[in-house]
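J.: Submitted below is the structure of interest, expressed as structure tokens.
Taken together, the values in this text are just the output of simple stated rules run on the coordinates, not laboratory data. Keep in mind that what you see is a predicted model, and the values were worked out from it rather than measured. Glycine gets a Cβ as well: all are built from the backbone with ideal geometry, and neighbour counts include every protein chain shown.
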Amino acid sequence: SQELEQSPQSLIVQEGKNLTINCTSSKTLYGLYWYKQKYGEGLIFLMMLQKGGEEKSHEKITAKLDEKKQQSSLHITASQPSHAGIYLCGADTAGNQFYFGTGTSLTVIP
Amino acid sequence: KAGVTQTPRYLIKTRGQQVTLSCSPISGHRSVSWYQQTPGQGLQFLFEYFSETQRNKGNFPGRFSGRQFSNSRSEMNVSTLELGDSALYLCASSLGQLKETQYFGPGTRLLVL
């Protein structure tokens with residue numbers, strides 16, 4: 001989908017390093033969701049953000065939605081091999097459709 | 001509580017055939033959504049059913065259809081298969097209308113030859 005652009009497309013980091021994944025929309029987001037997917041498997045819900053400026057954390061993962069509600073970032077602190085996978089952002093738009101971002105493949109080297 | 005189940009897990013079909021995929025949501029969940037995932041297009045929304053009614057629909061041709069039964073189980077049908085329909089088809093269920101409670105199944109991998 002071209003509705004949501006994620007960057008970077010792929011990321012390779014050393015274990016223990018911090019990293020950030022970005023998700024950008026050209027339209028106002030009514031809800032922004034982050035998911036993690038292991039290759040060829042279903043998605044695991046991570047976090048949902050609705051309000052501009054909102055920030056949520058779970059264990060070592062923090063997600064933020066900017067004030068204009070058009071960009072979100074996912075930050076992982078002290079990455080571990082268990083963080084490896086594909087991270088996808090998803091969003092509700094005014095058209096009542098749900099879009100997913102292009103995905104970011106994360107590899108964590110022990 | 002059992003998770004979302006999808007059957008079959010793998011499927012091989014030839015062009016022109018039709019296929020039906022099944023999704024059993026988590027017990028008590030009334031909303032089922034379907035998604036197509038391909039390397040080229042990524043993850044795309046197909047449609048959403050809630051209480052046997054299609055509530056939302058993505059930008060897919062009419063060859064893609066679905067339905068939901070009174071027990072919330074859902075089926076997705078693709079007619080006149082094309083090579084480009086080869087994909088991982090994921091379904092997700094949720095209690096109601098909140099995307100945050102959406103739980104995904106393992107997917108059905110369809111290969112069209």
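J.: From the phi angles alone, apply the Karplus equation (6.51, -1.76, 1.60; θ = phi - 60°) to the stretch B:60-70 and give each ³J(HN,Hα) in whole Hz, x where the residue is Gly or Pro.
T.: Karplus-based 3J(HN,Hα) across the stretch B:60-70 equals 10, x, x, 5, 9, 9, x, 7, 10, 9, 5 Hz.
J.: What number of lysine-lysine pairs in the protein assembly as shown show an alpha-carbon separation below 18 angstrom, given a sequence spacing of 8 or more or placement on distinct chains?
T.: 20
J.: Taking Rh as the Kirkwood radius computed over C-alpha pairs, what is the Stokes-Einstein D of the stretch A:1-56 at 4 °C in a medium of viscosity 1.567 mPa s, expressed in µm² per second?
T.: On the way: Rh = 13.4 Å.
The Stokes-Einstein estimate is 97 µm²/s.
J.: Using +1 on the beta carbon of Lys and Arg, -1 on that of Asp and Glu, and nothing else charged, what's the dipole of the protein assembly as shown about the Cα centre, debye to 20?
T.: 360 debye
J.: Let me ask something additional. Alpha carbon centre of the stretch B:59-77 versus the stretch B:5-58: separation in Å?
T.: After rounding, the separation between the Cα centres reads 7 Å.
J.: Between B:THR7 and B:LEU83, what is the spin-label point distance in nm, taking each point 7 Å from the Cα along the Cα→C-beta axis?
T.: 3.3 nm
J.: So what J values fall out for the stretch A:81-89 if you push phi through Karplus, 6.51 cos²θ - 1.76 cosθ + 1.60 with θ = phi - 60°, rounded to Hz, Gly and Pro as x?
T.: x, 5, 7, 5, x, 9, 9, 10, 9
J.: Among B:18-24, B:81-87, how do they line up from the highest to the lowest mean number of other beta-carbon atoms within 10 Å? Each step should come with its number before you reach the end.
T.: Numbers: B:18-24: 18.1, B:81-87: 15.9.
Ranked by mean Cβ neighbours within 10 Å, highest first: B:18-24, B:81-87.
J.: So what is the orientation-averaged projected area of the protein assembly as shown, using the convex hull of its C-alpha atoms, in nm²?
T.: Orientation-averaged projected area of the Cα hull: 12.0 nm².
J.: Which distance in nm do the two modelled labels at B:THR53 and A:ASN22 give, with both placed 7 Å along the Cα-to-Cβ direction?
T.: 4.2 nm
J.: Let me see the P(r) profile for the stretch B:6-93: every Cα-Cα distance counted, bins of 5 Å, each bin given as a percent of all pairs.
T.: So the P(r) values, bin by bin, are 3, 15, 27, 26, 18, 8, 3, 0.
J.: What are the ³J(HN,Hα) couplings of the stretch B:17-31, residue after residue, when phi is run through the Karplus curve with 6.51, -1.76, 1.60 and θ = phi - 60°? Round to Hz, x for glycine and proline.
T.: Once θ is set to phi - 60°, the couplings for the stretch B:17-31 become 6, 10, 9, 10, 10, 10, 9, 10, x, 5, 3, x, 7, 10, 10 Hz.
J.: Now for a separate question. Would you please give the FRET efficiency between A:GLU41 and A:GLU67, computed as 1/(1 + (r/R0)^6) with r the Cβ-Cβ distance and R0 = 30 Å, to the nearest 0.05?
T.: Working: r = 34 Å, r/R0 = 1.15.
That gives a FRET efficiency of 0.30.
J.: Sequence-distant or interchain residues sharing an amide H contact under 5 Å with A:LEU46, placed H: which?
T.: Amide H neighbours of A:LEU46: A:TRP34, A:TYR35, A:LYS36.
J.: Among B:103-111, B:34-42, what's the highest-first ranking by average C-beta atoms within 10 angstrom per residue? Mind showing how you got there, number by number?
T.: Details: B:103-111: 19.4, B:34-42: 17.1.
By packing density, highest mean first, the sequence is B:103-111, B:34-42.
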